[in-house]
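This report refers to the structure that appears directly beneath it.
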Amino acid sequence: MTIQVLKTGLQTTVQDLGRMRSKHIGIPQSGSFDYLSAAKANAILNRPINSPLLECTMTGPSLKFLEDMDVCITGATVNQITVDDSSINQNTLVHVKKGSILSTDIAKDHLRFYIAFSKSIQATEFLNSVSTYLPAKFGGLNGATIQKGQMIDFKETQSEAYTGDPWIENGERIETSKIRVTQGPEFNLLDASSVLFETDFIVSNDSNRMGVRTVDNRIPINDQGSMISKPIYPGIVQCPQDGLPIILGADAQTLGGYPRILQVIKAERHLIGQLRPNDHFRFELVSIPEALDAWENLKINYPFVCEL
Amino acid sequence: MAAKSLAMSFNFNTKISVIAEDMLELRLHVSHINKSKFYWHLAEHLLNSQNDIEVIASEEVISIRSKVIPMDINKIESALSSFEFSLISQIDHKLEIPICYEDVFASDLKEISKQLNLSTQEITDIHSSASYEVKAIGFTPGFSYLGDLDEKIAVPRLSKPRVSTAVGSVAIANDRTGIYCLGGPGGWPIIGATPINLFNPDDTGSVTLIPGTKVTFKKISMEEFIMMQSRN
């Protein structure tokens, strides 16, 4: 059971929900950056939400199926997705026949989209996850992005099939213009914290899976750069001396020396993966009880996120 | 700052701060000579006490992030109270790491030599003759923070971090020296490289360099470097 890569897309990697419980030895989490969209794709296919899938960044692949398979594409809205010559929809199960070619082009808005399969991608497992971590070449397909001409192998997964009903997506829009946060441990190093919540931040081209960087609008921070490195996670917002906040991403390092001014709330951390270069966004400060409520609401809307 | 904090006493003094809906930080007041080792083993103990948490130890704080929220502080407290540092082996691993300081590996050595007004020989002599201890592990996979570096050769981080460093690069910054075991991005000036692979976690995630490990360096030539590398 195989598909062949005809076109790769900008940065297409195999991801699951990440490498958990290895941060104490310095191994980053990795995993799908917009894990809500990723989990959704698997849930729609009635598969365990941790099943490996392809994460596409800005542009996606063309894949030739050498076997019948079902797929589901979620996340950023793709300009055009076709199977052979017919357009197909996102957020729904699509049958792809043996010999057919699935083609994706470019994300119209937001950044990452996910292609999940009814069968399980055979990828390298390391510390209980097949997520690709490019900087150290862990997991995925040889620790790398998918390559043109590559054959991706699949294994049968009957035993893994979900017992529940497949998820039916209501097509809720991804909204990244406002990211809710709580105060971080070094929040008090901000000179005038109110400015932070009145500033339009602009996503930098230098952003990647390690972190979403910002440009232009600087916030005043009182830091001499001498802090001893502190624990950090995906979703923590660091602010270096230059005043340009960095939101740490799925591949975030585990220790860092810049002030941790904010943390994106658990209910919205998946949105960081959809911030696209030149997008504008603001931070909105909420309390810990509000952050807990937001998570409860997300669980009501998407019951499968209990496992996240 | 933190929303609330509570002080408690166990066999060591701990302050737990609630940072966010799924994050706590612990600060200990240990007069222990081996503080970083204490932190790291306590972090590992906490991790093993619950399946749904992540734990990271830095040199002065332990951070816990929980999958299940709201977090159950009682569980953390009870794990803290069952930690016995005396049960951790007090015999520290000792490791001699060979380092080659030849130009080809030492991208920033000449610049540092100018900055400090010391010869490259003086810098590498100071670096290789001291004894170090692993203070923390993390940042990127396989990176270890070793201290304390002689203040005579203390330099700041690079103003612009490198996108990638060569596997095994040996770097210094402030009072720490570190090894980029797996390469990756890095902001510390590089003065050498080791041919030894110090990072090969098995599936249980156990690694060679953990806080508390005593490290010494040994200067090697390019020929020795190549010979040792071929044995990996």
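The values are calculated or read from the model by the stated rules, or taken from the named source; none is laboratory data. These figures come from a predicted structure and were not determined experimentally. Heads up, the Cβs are rebuilt from the backbone with ideal geometry, glycines too, and the neighbour counts pull from every protein chain shown. We work out accessible area using only protein heavy atoms, side chains counted, and drop any ligands, DNA or RNA first. Shrake-Rupley method; radii C 1.70, N 1.55, O 1.52, S 1.80 Å.
Accessible surface area normalised per residue over the protein assembly as shown is 41 Å², counting heavy atoms of protein chains with a 1.4 Å rolling probe.
Residues of segment B:182-226 with an amide N closer than 13 Å to a point placed 7 Å from the Cα of B:His93 along the Cα-to-Cβ direction: B:197-202, B:205-216. Taking amide H atoms as placed 1.01 Å from N in the peptide plane, the amide H of A:Glu284 lies under 5 Å from those of A:Ile179, A:Arg180, A:Val181, each 5 or more residues away in sequence or on another chain. Rounded to the nearest 10 degrees, what's the angle between the helix A:35-44 long axis and the longest principal axis of chain A, both from Cα atoms, 0 to 90? For helix A:35-44, the angle is close to 30 degrees.
Once the Cβ-Cβ distance of B:Met228 and B:Glu151 is raised to the sixth power relative to R0 = 51 Å, the FRET efficiency obtained is 0.95. Here are some pairs, B:Lys110/B:Lys135; A:Lys23/A:Lys137; A:Lys137/A:Lys178; A:Lys7/A:Lys108; A:Lys266/B:Lys135; A:Lys23/B:Lys160; which of them have Cα atoms lying more than 23 Å apart in this structure? Violating the 23 Å limit, Cα to Cα: B:Lys110/B:Lys135; A:Lys137/A:Lys178; A:Lys266/B:Lys135; A:Lys23/B:Lys160. Between segment B:54-129 and segment A:10-25, the alpha-carbon centres lie 23 Å apart.
The GluC sites (Glu not before Pro) of segment A:170-232 meeting both criteria, a DSSP state outside H, G, I, E and B (loop) and at most 15 other C-beta atoms within 10 angstrom of the site's C-beta, are A:Glu172, A:Glu175, A:Glu198.
Antiparallel beta bridges, as assigned by DSSP with both residues in the protein assembly as shown, represent about 90 percent of the total such bridges.
The largest-to-smallest principal axis extents of the Cα set in segment B:8-125 are 56, 33, 24 Å.
Distances between placed amide hydrogens fall under 5 Å for A:Ile221 paired with A:Asp191, all partners being 5 or more residues away or on another chain. Summing Lys and Arg as +1 and Asp and Glu as -1 over all other residues whose Cβ lies under 14 Å from the Cβ of B:Ser78 gives a net charge of -2. For trypsin sites (Lys or Arg not before Pro), the sites in segment A:72-121 that DSSP calls loop and that have at most 13 other Cβ atoms within 10 Å are A:Lys97, A:Lys98, A:Lys108.
The angle separating the long axis of helix A:288-301 from the principal Cα axis of greatest extent in chain A is about 10 degrees.
Taking the Kirkwood radius as Rh and the Cα radius of gyration as Rg, chain B has a ratio of Rg/Rh equal to 1.02. The HN-Hα couplings worked out from phi for segment B:132-142 by the Karplus form 6.51 cos²θ - 1.76 cosθ + 1.60 (θ = phi - 60°) are 10, 10, 5, 9, 7, 10, x, 6, 10, x, x Hz, whole numbers, x standing for Gly and Pro. Backbone amide hydrogens, once placed in the peptide plane, bring A:Gly211 within less than 5 Å of A:Gly249, excluding anything fewer than 5 places away on its chain.
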